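Working notes, beginning with the structure itself.
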Amino acid sequence: MRAAVIADVPVMAAMEGHHSAVPFLLTRGMFGGVPVEIAGGELSDKVGKPVADLHSHPCPEVYLLISPEPGDAAIEVEVEGERFDLESPAVAYIPANALHRFVTRRAKPGSFCLGVLLDPAGDAAAGRDR
Ligand code: ZN
């Protein structure tokens, strides 16, 4: 695979447990096939509004919480009934098949939570082929 750029992102795709189509910046089908997918978006209009119900998938996921300045964003992550409070910048690991979701507690414009799906070869990525 040569160096390449895909500019027409995000790719919107349905995902189990999510209330509406999920924006993907990277899918496993891009660039001839990659072992990771990155989904998620800007948080400032999602304070107090979960984007997904509790859900699980057969691959592990890492949440990346990033913002223009440290502390500009905070999310509450629930994993198998356990609660974790994250303040940007922070990362959280969600094991494969664990029930999880997050709720945004505060987010200045330009804050993002990205879900990085590791090795999404299983059902989590079914139906997405680019
Ligand atoms: Zn997930």
*Gyration tensor over alpha-carbon atoms, the stretch 4-130, equivalent ellipsoid semi-axes in Å*: 23, 17, 13
*Which residue fluctuates the most in the chain, going by a Gaussian network model with Cα springs under 10 Å, if the choices are Asp72, Asp119, Asp45?*
Asp45
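Read-outs throughout are calculated quantities, based only on the coordinates presented, and are distinct from any laboratory measurement. Quick caveat: nothing in here was measured; it's all calculated off a predicted structure.
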